[in-house]
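The values are calculated or read from the model by the stated rules, or taken from the named source; none is laboratory data. What you are looking at is a predicted structure, and each value in this text was computed from that prediction instead of being measured. In this analysis, Cβ positions are derived from the backbone assuming ideal geometry, glycine residues included, and neighbour counts consider all displayed protein chains. In case anyone asks, the SASA skips ligands and DNA or RNA and just uses the protein heavy atoms, side chains included. Shrake-Rupley method; radii C 1.70, N 1.55, O 1.52, S 1.80 Å.
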Amino acid sequence: MIQIRELSHHFKLGKKDQKVILPVLKDITMEVGKGEIVSVVGKSGSGKSTLLNLISGFIRPTEGDIWIDGVQVSELSEAKFADFRLKHIGFIFQSFQLIPSMTAYQNIELPLILKGEDEKKRQEKVIRLMEKVGLGDFKDHYPSELSGGQQQRVSIARALVLEPTLILADEPTGSLDSETEAEILEIIQKLNRELGITFLIITHDEEVAQTGHRTISIKDGRVMKGGAAI
Amino acid sequence: MKLKDKYRFIRQNIKKNKARTFMTILATAMGCAFLIVLASIGYGLQQSVVKETLEDQVVTEIQVHGKEVENGFEAMTVADIEKLEKVDHVKAVTRKIQLGQLPTYTIDGYKAETMAVSTHFPSEIASGLKLAEGRLPENPNEVVVGYHFSNTLYMETDEDIYDAETGEVKEEFQFKGEVKDQTITMTVQQDEEGKVTKEIPLKIVGVLEEPGREWMLNQDVYISQEVFHQIEAFTGTAGGEIVVDPENKVTGHLETFDQVNVYAESLESVQGIVDTLDEENYATYSIVSEMKQINTLFTIAKAGLILVGTIALIIASIGIYNTMTMAVTERAPDIGIMKAIGANPKTIKQIFLLESSYIGVIGAIIGTIVAYATSVVVNIGLPLILETAFDEEMPEGLQFSAIPWSLVLIAVTICLVITILSGMRPAKRATQIDVLKAMRREI
């Protein structure tokens, strides 16, 4: 599903004439197989979030290639990467990233609108998904009217609505209590089991990491262990 | 993303900032209304001038004042008339010769002094001349008279026939009867003192139709060529002029025409005939040529007014730019989320451009309605104000402001172009928003 070859990335800090180069990722080579749940663990500042942002296309790598589902995404233009994200990748963020002025229903409906789906089909899909994640009674609630766990369920439903083959999750339980954390991890495992969706989970929590089939450990921008697919 | 959904997005966004959007729409509407009202003055005055000019004249008429030669102008001759009649699309060529003196006419104790004209009746009829009553002359001593000829007749008496106040002939001295079928005596004189005179009995067989405009008078007597020649023979001068200097008098028949008019088959063929006559060095005047000049002048004036009006819209566009820039800044986190989940930059740009054009369209619609209302008020109110302020009556049918569809179309197009242009930069900025910074609320 994901192949990364000799990926390096650095940030340039400071003013134009006094730029300081800060290497974040160094020569990363790793793979994620289809239908796997892979956890990427590492301490704060190890480069795991940068790795996720590079795979998502939010930033461009300094060196190396990224392939998703057979497509060399690191070479795609911004517009084409956006289309690719919409069709193939779902996102779950630590801070949920829901649009506050939209209801739970509208937030989940957003990817379908961007794809240009018909209103009737949208309605069917959104209602079905809301039921599935246990938010059937919260259709017209705004994010501010929902608990953290409920907001993350909305976020999961939004990630699932276009039936992606890959879901990238950045600290998906980072803002949740332990009880809700367990519920969310159970949903992830269930989706993987039932729908065969590949999950790449970025976390610093060992307990969350153990949910996955495999763990990739990153330290100081390098893969320490678990880079190869099973 | 479907257009319907984009509009739903825009409506949601506008709802969030109703007051700010309303003020921006208001500024756009005012700019659009200002543009339309300003240019409508040009359109209105043009319409009034054109209407006034066309009402005074026959649109297919081309006046020919002579032929340009090396040393000046030559009067129109029979040869010229024959040449003009052969020009394509010419319906008729009328020609008139005025008698060189003002004869007197008497009828049953009433007298008149008015112009005698020799004309070619077949061409007059072909040009559209109509009689109010009677028929055309069939023999030399028969005449037709202008519609107002009877008004010039007054009773021959020693009393003061004029009204001291109005200066007109008192009613009791005016001619009351019918002039048709009456025999009048035309008196012409040979010398200035009127020592030698000649009386010619003429029978009025027809009266011409009333002129098109209320203020136009036709009091002329239309005599035959034979009578005209009789007078020329009596005075011994060309054109029947009174002999002032017997040594230098011009004898014989007058071979030229005082007034020659060419009538075109249709309005469309007028310009072609004028061009042909101009090539032949004839001095012409036609209402179409005048219209061309009037229209050119007004087109320049209207373009200037539209340009001034556009400045108001450009000022309004600063408001749109500001509104859209603020909208992009406020919505940066939402844009970031949309981009993260897969919104194409083109879609983001289209949403913001649609929002600015939405403001433009609503502004243009309100502006057009306001402009129409203002136009009505101006057309009713301004003449009243001017009449009160200057104590002068405005011409009937004067229109200060007119808004044709073409003006609305021009204004709406300018309004839309300006609003879209002012939304371009903010829309582009929206596409350049950094996803990570936006999601971290750093913008």
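Side notes on the structure shown:
- Residue within the stretch B:403-418 that is away from chain A (no Cβ under 14 Å), in contact (Cβ under 8 Å) with a residue 40 or more places away in the chain, in a helix (DSSP H, G or I) and within 30 Å of B:Trp215 (Cβ to Cβ) present: no
- Taking the criterion of being charged (D, E, K, R) and in a strand (DSSP E or B), the residues of the stretch B:194-223 that qualify are B:Lys198, B:Glu199, B:Lys203.
- Among the residues listed as A:Ile28, A:Ile59, A:Ile21, the single one being closer than 19 Å to A:Glu6 by Cβ and buried (at least 23 other Cβ atoms within 10 Å of the Cβ): A:Ile28
- The stretch A:45-56, residues that are more than 11 Å from chain B (Cβ to nearest Cβ) and touching a helix residue (DSSP H, G or I) at 6+ places or on another chain (Cβ under 9 Å): A:Leu54, A:Ile55
- Residues in the stretch B:419-435 that are surrounded by 15 or more Cβ atoms within 10 Å (Cβ to Cβ) and within 14 Å of another protein chain (Cβ to nearest Cβ): B:Lys428, B:Ala430, B:Thr431, B:Ile433, B:Asp434, B:Val435.
- Scanning the stretch B:329-360 for residues that are over 11 Å from B:Ala438 (Cα atoms) and aliphatic (A, V, I, L, M) yields B:Ile341, B:Ala343, B:Ile348, B:Ile351, B:Leu353, B:Leu354, B:Ile359.
- Selection count, the stretch A:83-111, where residues are more than 9 Å from chain B (Cβ to nearest Cβ) and among the small types (Gly, Ala, Ser): 1
- Filtering the stretch B:428-443 to residues that are more than 60 Å from the chain's Cα centre (by Cα) and not in a loop (DSSP other than H, G, I, E, B) leaves B:Val435, B:Leu436, B:Lys437, B:Ala438, B:Met439.
- Residues satisfying the stated conditions in the stretch B:247-271, i.e. over 20 Å from the mean Cα position of the chain (by Cα) and open to solvent by less than 70 Å² (accessible area, probe 1.4 Å): B:Gly252, B:Leu254, B:Thr256, B:Phe257, B:Val260, B:Asn261, B:Val262
- Scanning the stretch A:1-18 for residues that are open to solvent by 60 Å² or more (accessible area, probe 1.4 Å) and assigned to a strand (DSSP E or B) returns A:Arg5, A:Glu6, A:Phe11, A:Lys12, A:Leu13.
- Every pair of residues 6+ apart whose Cβ atoms lie under 7 Å, when the first sits in the stretch B:341-356 and is within 11 Å of chain A (Cβ to nearest Cβ) while the second is part of a loop (DSSP other than H, G, I, E, B): B:Thr347/B:Met1
- On the stretch given as the stretch B:218-241, residues that are open to solvent by less than 10 Å² (accessible area, probe 1.4 Å) and under 25 Å from B:Leu153 (Cβ atoms) total 7.
- Within the stretch A:191-219, the residues that satisfy the criterion of being open to solvent by 90 Å² or more (accessible area, probe 1.4 Å) and either closer than 26 Å to A:Lys132 by Cα or out of contact with any strand residue (DSSP E or B) (no Cβ under 8 Å at 6 or more places or on another chain) (or both) are A:Arg193, A:Glu194, A:Leu195, A:Glu207, A:Gln210, A:His213, A:Lys219.
- Residue within the stretch A:82-103 that is open to solvent by less than 40 Å² (accessible area, probe 1.4 Å), hydroxyl-bearing (Ser, Thr, Tyr) and under 21 Å from the mean Cα position of the chain (by Cα) present: no
- Cross-chain or 6+ apart pairs with Cβ under 7 Å, the stretch A:57-68 first and farther than 16 Å from A:Gly221 by Cα and within 12 Å of chain B (Cβ to nearest Cβ), then of a type in the set (Lys, Arg) and crowded, with 16+ Cβ neighbours inside 10 Å: A:Gly57/A:Arg85
- Contacts under 6 angstrom Cβ, first residue in the stretch B:370-384 being touching a residue at least 40 places away in the same chain (Cβ under 8 Å) and within 13 Å of B:Phe34 (Cβ to Cβ), partner among the hydroxyl-bearing types (Ser, Thr, Tyr) and assigned to a helix (DSSP H, G or I), 6 or more apart: B:Ser375/B:Ser40
- Counting only helices (runs of 4 or more DSSP H) that sit wholly inside the stretch B:285-392, those with at least 1 residues that are open to solvent by 30 Å² or more (accessible area, probe 1.4 Å) and at pLDDT 85 or above are B:287-330, B:345-390.
Quick grid of which residues meet (1) within 25 Å of A:Val73 (Cβ to Cβ); (2) crowded, with 22+ Cβ neighbours inside 10 Å:
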residue	(1), (2)
A:Arg122	no, no
A:Tyr142	no, no
A:Ile156	yes, yes
A:Leu162	yes, no
A:Glu183	no, no
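- Each residue in the stretch B:130-142 was checked for being surrounded by 17 or more Cβ atoms within 10 Å (Cβ to Cβ) and either assigned to a helix (DSSP H, G or I) or out of contact with any helix residue (DSSP H, G or I) (no Cβ under 8 Å at 6 or more places or on another chain) (or both), and 2 pass.
- Of all residues in the stretch B:357-382 being among the hydroxyl-bearing types (Ser, Thr, Tyr) and closer than 15 Å to B:Thr21 by Cα, the one that is farthest from the other protein chains (Cβ to nearest Cβ): B:Ser357
- Test: B:Leu398 is at pLDDT below 90, assigned to a helix (DSSP H, G or I) and not β-branched (Val, Ile, Thr): no
- Flag if A:Ser77 is in contact (Cβ under 8 Å) with a residue 60 or more places away in the chain and open to solvent by 50 Å² or more (accessible area, probe 1.4 Å): no
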